[in-house]
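Let me begin by presenting the structure, written as structure tokens, before commenting on it.
The values are calculated or read from the model by the stated rules, or taken from the named source; none is laboratory data. Nothing here was measured: the structure is a model prediction, and the numbers come from that model. All Cβ positions, even for glycine, are placed from backbone atoms using ideal geometry, and neighbour counts span all protein chains on display.
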Amino acid sequence: MENNTLSFTFHILLPENIERNGQPVILGDVKELGSWKNPIVKLRQPFPQNLTYWKSDPVTISVSNFEKIQYKYAIHTSKSMLFGGEEKIEFEGIDSQDNRTLNIEINDQFDIWKMHGFAFVDYIYDSIEANNFKDKVVEYQRLLTFHNDLTIRASNPKFIINQINNDLKEKRLFLCILLGYYVSKREVSPRELPKNFPSNLLLNALENYKQEILPLGTKDQMYTAIITLIKHNAFQMKFDWLIIFKIMIEVDPNCTFIKHLKALKYSDENLAKFIERCKIIKIYTENIKLESYVVIAKWLIQLCYDIDSLLKIWNDVLIHNDEIDYSLFECFIGQISDAVALEFYFRSLSKDYQDRVSGIVPNQVISLLLSPNKKWTYENIDAIKKLLHDNNLDWHKDKVIQSLELISQSHTLELLKIFPEILDDWFRSDFSDTKEKKIPKICVIWFKNLLSKLDTSTSNKNESNFIFLVFQQLDLMYPLLNQRINIWRDLTAIAIDRVKNCSEDRIFAATKLIVQIKQDDVKKLFVEIVKDIFNKSALQTHNQFLNKIRIICDCETRPLDVPNMMSEDILYHIMNRLESQSTVSSSSDHYLNIVKISKFWNIILRATGSVAKLNSNPFVKNIKTSINELAGFLLEKTIDVQLLRQILKYDDEYLFRHFDAAVDKKKALGDVIIS
């Protein structure tokens with residue numbers, strides 16, 4: 001070895017005068033041997049007296065190629081030798097099985113030309129006539145007995161393609177026999193056949209085919225060929241294979257060919273073409289066994305993926321009687337992937353047929369609900385809701401629980417919203433969940449999922465709207481669950497925790513929306529959240545309280561208008577909170593502190609709207625009394641001098657408004673104080 005290379009010389013005995021056909025060459029799978037395409041290594045005759053001996057010049061091959069080098073001898077016909085025709089390379093042997101392996105242990109490779117082709121198969125094929133088909137098949141069988149391997153290899157797809165142009169029916173049937181033997185022996189998949197393989201022409205030759213034309217021992221090979229042709233033709237989206245329905249009683253009475261087409265799928269366009277072409281099979285399937293027909297019919301149904309194609313197959317292609325229809329209902333309904341179509345189909349059935357499918361339709365409803373990511377239109381949700389409510393369907397306990405469970409896991413908000421209605425059906429039924437206790441867990445999953453979807457669907461992250469939607473759902477659930485304490489407690493706990501994650505101002509702002517809630521107990525939950533916020537908040541100034549009050553009352557201008565009793569209840573609690581944080585050492589300090597925060601009390605004491613409860617608050621009444629007491633001290637001139645000095649620091653308008661705020665609305669300030 002030099003420079004990581006080895007040198008080889010090829011010696012071969014070729015047929016005498018072979019050079020008349022072209023230049024003998026060597027081709028292989030490495031670049032030094034032309035990579036099977038470029039005939040760079042030519043052979044020559046070193047001894048003119050020996051006309052069959054040929055050799056090459058030494059060929060240097062890189063050591064990196066020494067894993068397993070394949071090569072073959074061939075005859076290269078150049079363009080010039082064909083008077084301008086196409087360049088041609090004819091390899092020795094029949095197929096790749098004749099490839100040689102380079103022996104890297106020796107420099108000289110000694111070979112003998114392998115016979116090109118196997119003319120006996122050509123002879124038998126060429127001698128076939130309309131009246132000797134069976135005899136020629138017998139001759140082929142005899143050839144197999146003596147030369148099995150060569151005969152099979154010569155019966156390859158390339159041979160069949162080259163001979164297909166002869167349209168004599170018997171010759172094409174003979175080619176089917178060859179294909180059957182070849183596929184059986186070589187275990188070739190139909191998908192390994194070339195795309196240009198003429199399966200259509202061979203299938204057409206099977207028109208009016210009868211098994212009796214075959215000699216003994218060839219029916220299996222013909223069946224293998226037919227199945228191979230069907231698969232090749234069908235998976236190329238062609239329809240010549242439908243001829244099998246014309247001959248299946250003859251060649252495949254149990255319709256086992258269908259199992260080879262399980263993976264076949266059509267596009268919309270091809271499915272429409274297939275259904276149209278498939279109409280012819282009706283007359284050929286009338287007399288087959290029920291079991292076999294059901295197999296075919298189910299396969300046809302499973303090709304469809306929308307209600308239009310399903311109905312075309314059902315109405316135009318399939319045979320109908322009660323026995324067949326009852327056998328197909330489950331398969332047919334199982335292919336309906338749209339809730340609107342499912343509901344429409346169920347309504348279109350006669351009462352007798354509706355009873356027959358009453359247990360099948362719920363299974364398909366559950367199947368439609370299985371994917372949490374499924375896209376649901378309003379029409380589909382409405383249809384699924386009608387089916388879930390339908391008492392004509394067999395909605396037994398396990399199916400209802402499963403439907404509730406699947407709805408609770410959906411990623412579609414509108415589908416989640418129908419959960420309470422289905423839950424209501426459960427509670428109104430005689431079903432029991434005392435052992436499994438699945439319903440409480442399902443309700444929790446549903447509510448958490450619902451709140452998550454409500455949050456993401458609320459436009460511009462408007463937390464106040466989100467809070468209202470949360471309590472609106474509680475409002476809807478209250479009639480169902482208020483007596484089912486454990487479930488109600490779980491849902492309210494989830495709602496409260498989620499709402500408390502919102503900002504305080506957004507919670508306060510939701511008050512104006514929550515007032516729309518119908519159930520008082522649900523309103524109280526919200527009020528308690530607000531009260532709890534005030535209870536846990538640090539000491540705040542009166543201005544901070546006033547800002548929160550205005551948000552709660554949705555009132556940014558004077559005077560303060562308390563819009564409803566719920567807002568008033570919260571204000572009442574705020575007054576109690578103010579009282580709890582009030583610290584005064586003397587009565588003078590008390591009077592003075594009220595004057596200092598007079599703007600706050602001016603607004604509270606002058607509030608309009610729902611204020612009866614607010615005005616009855618002990619702390620509010622105490623403030624009002626204190627203001628009037630101070631006014632009395634001034635009127636009677638019994639006020640403490642130090643307190644008077646502090647008060648007189650405020651201007652007359654400020655003091656006038658301060659004392660006026662506490663005056664009974666039926667009186668005037670002049671009736672109480674004389675300046």
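Do we have any residue at all in segment 425-439 that's closer than 30 Å to GLY359 by Cα, among the small types (Gly, Ala, Ser) and surrounded by 14 or more Cβ atoms within 10 Å (Cβ to Cβ)? No: segment 425-439 contains no residue that is closer than 30 Å to GLY359 by Cα, among the small types (Gly, Ala, Ser) and surrounded by 14 or more Cβ atoms within 10 Å (Cβ to Cβ). In the set (1) in a helix (DSSP H, G or I); (2) within 40 Å of the chain's Cα centre (by Cα), PHE197 fails one condition alone, (1).
Are any of the residues in segment 171-182 under 19 Å from ARG277 (Cα atoms) and surrounded by 21 or more Cβ atoms within 10 Å (Cβ to Cβ)? No, segment 171-182 has no match at all.
Could you please find all residues in segment 636-662 being part of a helix (DSSP H, G or I) and farther than 28 Å from LEU560 by Cβ? Within segment 636-662, GLU636, VAL641, GLN642, LEU643, LEU644, ARG645 meet the criteria. The set of residues in segment 269-291 that are in a helix (DSSP H, G or I) and exposed (fewer than 11 other Cβ atoms within 10 Å of the Cβ) comprises GLU269, GLU291. Within segment 50-73, the presence of a residue that is without any contact (Cβ under 8 Å) to a residue 24 or more places away in the chain, surrounded by fewer than 18 Cβ atoms within 10 Å (Cβ to Cβ), over 14 Å from GLN109 (Cβ atoms) and in contact with an Asp or Glu (Cβ under 9 Å, 6 or more places away or on another chain) is excluded. ASN200 falls short of the stated requirement of being out of contact with any helix residue (DSSP H, G or I) (no Cβ under 6 Å at 6 or more places or on another chain), within 18 Å of LYS231 (Cβ to Cβ) and in the same structural domain as ILE227 (by TED's automatic domain parsing). Of all the listed residues (LYS500, LYS448, LYS512), the sole one being farther than 22 Å from SER429 by Cα, surrounded by fewer than 19 Cβ atoms within 10 Å (Cβ to Cβ), outside the structural domain of CYS555 (by TED's automatic domain parsing) and over 34 Å from the mean Cα position of the chain (by Cα) is LYS500. Residues that are in a helix (DSSP H, G or I) and among the aliphatic types (A, V, I, L, M) do occur in segment 135-142.
Would you check which residues across segment 253-270 are of a type in the set (Lys, Arg) and either touching a residue at least 12 places away in the same chain (Cβ under 8 Å) or not assigned by TED's automatic domain parsing to the domain that holds ILE230 (or both) and list them? LYS262, LYS265, listed by residue number. On the stretch given as segment 391-423, residues that are more than 22 Å from PRO479 (Cβ to Cβ) and either surrounded by 18 or more Cβ atoms within 10 Å (Cβ to Cβ) or hydroxyl-bearing (Ser, Thr, Tyr) (or both) total 5.
Scanning segment 62-79 finds no residues that are under 30 Å from VAL183 (Cα atoms), touching a helix residue (DSSP H, G or I) at 6+ places or on another chain (Cβ under 7 Å), of a type in the set (S, T, N, Q) and not in a helix (DSSP H, G or I).
Here segment 192-223 is the region considered, the condition is being exposed (fewer than 11 other Cβ atoms within 10 Å of the Cβ) and of a type in the set (Lys, Arg), and the residue that is farthest from ASP135 (Cα to Cα) is LYS195.
Please verify whether THR557 is over 38 Å from the mean Cα position of the chain (by Cα), of a type in the set (Ser, Thr, Tyr) and under 20 Å from LEU578 (Cβ atoms), treating the condition exactly as stated. So THR557 fails the test. I'd like to know if segment 613-635 contains one or more residues that are of a type in the set (Asp, Glu), at pLDDT 90 or above and either surrounded by 14 or more Cβ atoms within 10 Å (Cβ to Cβ) or part of a helix (DSSP H, G or I) (or both). Yes; the residues of segment 613-635 include at least one that is of a type in the set (Asp, Glu), at pLDDT 90 or above and either surrounded by 14 or more Cβ atoms within 10 Å (Cβ to Cβ) or part of a helix (DSSP H, G or I) (or both). Assess whether ASN254 counts as being modelled with pLDDT under 95, assigned to a loop (DSSP other than H, G, I, E, B) and touching a Lys or Arg at 6+ places or on another chain (Cβ under 9 Å). Yes: the conditions hold for ASN254. In the set (1) in a loop (DSSP other than H, G, I, E, B); (2) touching a Phe, Trp or Tyr at 6+ places or on another chain (Cβ under 8 Å), TYR305 fails one condition alone, (2).
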